[in-house]
Amino acid sequence: MPTSATPAPPRQRSADGSAHGPLRSCSPRGIRRTGFTLIEVLIALAIVAMVAAVAIPSLARRLDLAFSDADLQQAQASARLLPARVATLGIDLTLDAAAVNTPLPDGNPPLDIPRGWEARVETPARLSRSGSCEAGSLVLREPTEGRRWRFDIARLTCEVGITALVEGAP
(Lines give C-alpha, C1' and ligand atoms only; values in the text may rest on other atoms or scores of the structure.)
Protein backbone atom coordinates (compact mmCIF):
# COMPACT_ATOMS: atom_id res chain seq x y z
CA MET A 1 0.00 0.00 0.00
CA PRO A 2 1.26 3.40 -0.85
CA THR A 3 1.73 5.69 2.14
CA SER A 4 1.43 8.91 0.23
CA ALA A 5 -1.90 10.36 -0.79
CA THR A 6 -2.67 10.25 -4.44
CA PRO A 7 -3.51 13.59 -5.96
CA ALA A 8 -7.07 14.20 -7.14
CA PRO A 9 -7.56 13.96 -10.87
CA PRO A 10 -7.88 17.30 -12.63
CA ARG A 11 -11.42 18.48 -13.32
CA GLN A 12 -12.61 18.27 -16.82
CA ARG A 13 -14.51 21.00 -18.49
CA SER A 14 -18.20 20.34 -19.16
CA ALA A 15 -19.95 20.85 -22.47
CA ASP A 16 -20.91 24.43 -21.56
CA GLY A 17 -17.28 25.29 -20.87
CA SER A 18 -17.43 25.65 -17.09
CA ALA A 19 -15.00 23.83 -14.82
CA HIS A 20 -17.67 22.96 -12.20
CA GLY A 21 -20.00 20.89 -14.28
CA PRO A 22 -23.60 21.66 -15.19
CA LEU A 23 -25.68 23.77 -12.81
CA ARG A 24 -28.54 21.81 -11.30
CA SER A 25 -31.74 23.39 -9.93
CA CYS A 26 -30.25 26.86 -10.14
CA SER A 27 -31.78 29.98 -11.52
CA PRO A 28 -30.27 31.64 -14.57
CA ARG A 29 -28.25 33.94 -12.29
CA GLY A 30 -26.65 31.02 -10.45
CA ILE A 31 -28.62 31.34 -7.19
CA ARG A 32 -29.71 27.96 -5.83
CA ARG A 33 -33.51 27.66 -5.36
CA THR A 34 -34.97 26.00 -2.27
CA GLY A 35 -38.56 25.22 -1.26
CA PHE A 36 -41.50 23.50 -2.87
CA THR A 37 -43.21 24.07 -6.13
CA LEU A 38 -46.84 25.08 -6.26
CA ILE A 39 -47.92 21.65 -7.53
CA GLU A 40 -46.14 19.91 -4.62
CA VAL A 41 -47.92 22.15 -2.10
CA LEU A 42 -51.30 21.56 -3.78
CA ILE A 43 -50.81 17.78 -3.75
CA ALA A 44 -49.87 17.86 -0.06
CA LEU A 45 -52.96 19.97 0.73
CA ALA A 46 -55.18 17.57 -1.23
CA ILE A 47 -53.84 14.61 0.77
CA VAL A 48 -54.38 16.43 4.08
CA ALA A 49 -57.94 17.35 3.00
CA MET A 50 -58.74 13.71 2.14
CA VAL A 51 -57.44 12.47 5.49
CA ALA A 52 -59.44 15.16 7.30
CA ALA A 53 -62.61 14.26 5.37
CA VAL A 54 -62.31 10.70 6.62
CA ALA A 55 -61.16 11.37 10.19
CA ILE A 56 -63.24 14.37 11.31
CA PRO A 57 -66.72 12.78 11.09
CA SER A 58 -65.52 9.77 13.04
CA LEU A 59 -63.93 11.97 15.67
CA ALA A 60 -67.09 14.08 15.98
CA ARG A 61 -69.22 10.97 16.48
CA ARG A 62 -66.88 9.65 19.18
CA LEU A 63 -66.97 13.04 20.90
CA ASP A 64 -70.80 13.06 20.87
CA LEU A 65 -70.85 9.57 22.36
CA ALA A 66 -68.41 10.62 25.09
CA PHE A 67 -70.62 13.59 26.04
CA SER A 68 -73.66 11.32 25.99
CA ASP A 69 -71.95 8.82 28.28
CA ALA A 70 -71.01 11.62 30.69
CA ASP A 71 -74.64 12.79 30.74
CA LEU A 72 -75.78 9.24 31.48
CA GLN A 73 -73.32 8.98 34.37
CA GLN A 74 -74.65 12.25 35.79
CA ALA A 75 -78.26 11.02 35.58
CA GLN A 76 -77.24 7.72 37.18
CA ALA A 77 -75.48 9.50 40.06
CA SER A 78 -78.51 11.70 40.72
CA ALA A 79 -80.80 8.62 40.73
CA ARG A 80 -78.54 6.87 43.24
CA LEU A 81 -78.51 9.93 45.51
CA LEU A 82 -82.28 10.47 45.35
CA PRO A 83 -83.18 8.25 48.36
CA ALA A 84 -80.65 10.13 50.52
CA ARG A 85 -82.01 13.49 49.33
CA VAL A 86 -85.58 12.43 50.13
CA ALA A 87 -84.53 11.25 53.61
CA THR A 88 -82.54 14.44 54.25
CA LEU A 89 -85.46 16.63 53.17
CA GLY A 90 -87.83 14.54 55.31
CA ILE A 91 -90.40 14.01 52.56
CA ASP A 92 -92.13 11.10 50.88
CA LEU A 93 -91.89 11.12 47.09
CA THR A 94 -93.82 9.26 44.42
CA LEU A 95 -91.64 9.44 41.32
CA ASP A 96 -94.27 9.61 38.60
CA ALA A 97 -94.42 11.57 35.32
CA ALA A 98 -95.38 14.82 37.06
CA ALA A 99 -92.78 14.53 39.82
CA VAL A 100 -89.83 13.99 37.43
CA ASN A 101 -89.79 17.68 36.50
CA THR A 102 -91.22 19.16 39.73
CA PRO A 103 -88.57 20.67 42.04
CA LEU A 104 -88.17 19.22 45.51
CA PRO A 105 -88.13 21.53 48.57
CA ASP A 106 -84.39 22.12 48.00
CA GLY A 107 -85.25 23.77 44.64
CA ASN A 108 -83.79 21.05 42.40
CA PRO A 109 -85.66 18.43 40.38
CA PRO A 110 -85.53 14.86 41.74
CA LEU A 111 -83.32 13.61 38.88
CA ASP A 112 -80.62 15.45 36.98
CA ILE A 113 -81.88 14.67 33.48
CA PRO A 114 -79.65 16.15 30.77
CA ARG A 115 -81.07 18.92 28.60
CA GLY A 116 -82.90 17.50 25.59
CA TRP A 117 -83.20 13.99 27.03
CA GLU A 118 -86.60 12.39 27.47
CA ALA A 119 -87.63 10.68 30.72
CA ARG A 120 -90.67 8.40 30.69
CA VAL A 121 -91.90 6.79 33.92
CA GLU A 122 -92.94 3.16 33.38
CA THR A 123 -93.83 2.31 36.97
CA PRO A 124 -93.93 5.04 39.63
CA ALA A 125 -91.44 4.47 42.44
CA ARG A 126 -92.23 5.52 45.99
CA LEU A 127 -89.39 6.79 48.11
CA SER A 128 -89.93 7.17 51.83
CA ARG A 129 -88.36 9.63 54.24
CA SER A 130 -87.28 6.56 56.26
CA GLY A 131 -84.98 5.48 53.40
CA SER A 132 -87.05 2.60 52.01
CA CYS A 133 -88.56 2.37 48.54
CA GLU A 134 -91.29 0.73 46.55
CA ALA A 135 -90.04 -0.56 43.22
CA GLY A 136 -90.39 1.51 40.10
CA SER A 137 -88.71 2.21 36.78
CA LEU A 138 -88.23 4.93 34.22
CA VAL A 139 -86.69 5.06 30.76
CA LEU A 140 -84.23 7.73 29.65
CA ARG A 141 -83.82 8.42 25.94
CA GLU A 142 -80.87 10.28 24.46
CA PRO A 143 -81.81 12.72 21.65
CA THR A 144 -78.84 12.38 19.26
CA GLU A 145 -78.39 8.62 18.87
CA GLY A 146 -81.77 7.53 20.23
CA ARG A 147 -80.14 5.18 22.76
CA ARG A 148 -82.32 4.28 25.73
CA TRP A 149 -81.72 3.06 29.28
CA ARG A 150 -84.06 1.73 31.94
CA PHE A 151 -83.47 2.85 35.52
CA ASP A 152 -84.94 0.31 37.94
CA ILE A 153 -85.33 1.34 41.58
CA ALA A 154 -85.31 -1.72 43.85
CA ARG A 155 -87.85 -2.35 46.58
CA LEU A 156 -86.65 -1.68 50.16
CA THR A 157 -82.96 -1.08 49.34
CA CYS A 158 -83.56 1.71 46.79
CA GLU A 159 -80.65 0.45 44.68
CA VAL A 160 -80.68 1.76 41.14
CA GLY A 161 -80.01 -0.69 38.32
CA ILE A 162 -79.42 0.50 34.78
CA THR A 163 -80.13 -1.58 31.70
CA ALA A 164 -79.34 -0.50 28.14
CA LEU A 165 -82.38 -1.09 25.94
CA VAL A 166 -82.00 -2.43 22.43
CA GLU A 167 -83.80 -0.65 19.60
CA GLY A 168 -87.28 -2.11 19.12
CA ALA A 169 -87.55 -3.34 22.75
CA PRO A 170 -90.36 -1.88 24.88
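The values are calculated or read from the model by the stated rules, or taken from the named source; none is laboratory data. Computed from a predicted structure; not experimentally measured. Heads up, the Cβs are rebuilt from the backbone with ideal geometry, glycines too, and the neighbour counts pull from every protein chain shown. The protein model used for the area step is the full one, side chains on, heavy atoms only, and it has no ligands, DNA or RNA in it. Shrake-Rupley method; radii C 1.70, N 1.55, O 1.52, S 1.80 Å.
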(Q) At 25 °C and a viscosity of 0.890 mPa s, what translational diffusion coefficient does Stokes-Einstein give for region 32-170, taking Rh as the Kirkwood radius over Cα pairs? Give it in µm²/s as a whole number. (A) 137 µm²/s
Q) For Asp112, which sequence-distant residues (separation of 5 or more, or a different chain) have an amide H within less than 5 Å of its own amide H, given hydrogens modelled in the peptide plane? A) Ser78, Ala79
Q. Using θ = phi - 60° and the Karplus form 6.51 cos²θ - 1.76 cosθ + 1.60, what ³J(HN,Hα) does each residue of region 91-108 get, whole Hz, x for Gly and Pro?
A. 10, 9, 10, 9, 8, 10, 4, 6, 6, 4, 9, 8, x, 7, x, 7, x, 10
Q. How much solvent-accessible surface does Phe67 expose, in Å² to the nearest 10, with a 1.4 Å probe and all protein chains in place?
A. 130 Å²
Q. Placing +1 at every Lys and Arg Cβ and -1 at every Asp and Glu Cβ, with all other atoms neutral, what dipole size does region 78-157 have around its Cα centre, in debye to the nearest 20?
A. 120 debye
Q | Val51, Val41, Val139, ranked by accessible area, largest first (probe 1.4 Å) | A | Val51, Val41, Val139
Q. Just the accessible area per residue of region 43-170, please: how many Å² with a 1.4 Å probe?
A. 61 Å²
Q: Rounded, prolate or oblate: pick one for region 83-125, where a ≥ b ≥ c are the square roots of the eigenvalues of its C-alpha gyration tensor, a/c under 1.5 means rounded, and failing that, prolate if a/b is larger than b/c, else oblate.
A: oblate
(Q) Apply the Karplus curve 6.51 cos²θ - 1.76 cosθ + 1.60, θ = phi - 60°, to the phi angles in region 127-143 and return the couplings in whole Hz, x for Gly and Pro. (A) 10, 9, 5, 7, x, 9, 9, 9, 4, x, 8, 9, 10, 9, 10, 7, x
(Q) Suppose accessible area is computed on protein heavy atoms with a 1.4 Å probe; arrange Ile91, Ile47 from highest to lowest. (A) Ile47, Ile91
Q.
Which of rounded, prolate or oblate describes region 95-149 when judged by the alpha-carbon gyration tensor and an a/c cut-off of 1.5?
A. oblate
Q | Solvent exposure, largest accessible area first (probe 1.4 Å, DNA, RNA and ligands not counted), of Ser130, Ser137, Ser58 | A | Ser130, Ser58, Ser137
Q. Roughly how many Å is it from the Cα centre of region 99-120 to that of region 35-92, as a whole number?
A. 24 Å
Q. Once phi is turned into ³J(HN,Hα) by the Karplus curve 6.51 cos²θ - 1.76 cosθ + 1.60 with θ = phi - 60°, what whole-Hz value does each residue of region 43-49 show in order, with x for glycine and proline?
A. 5, 4, 5, 5, 5, 4, 5
Q: Please label the shape of region 122-170 as rounded, prolate or oblate, based on the square roots a ≥ b ≥ c of the eigenvalues of the alpha-carbon gyration tensor (a/c under 1.5 means rounded; beyond that, a/b larger than b/c means prolate, else oblate).
A: prolate
Q) Per the 1.4 Å probe, what fraction of the accessible area of region 25-101, in percent, lies on carbon and sulfur atoms? A) 67 percent
Q) Ala125's amide H: which non-local residues (gap 5+, or another chain) put their own amide H closer than 5 Å, with H modeled 1.01 Å from N in plane and none for Pro or chain starts? A) Leu95, Ser137
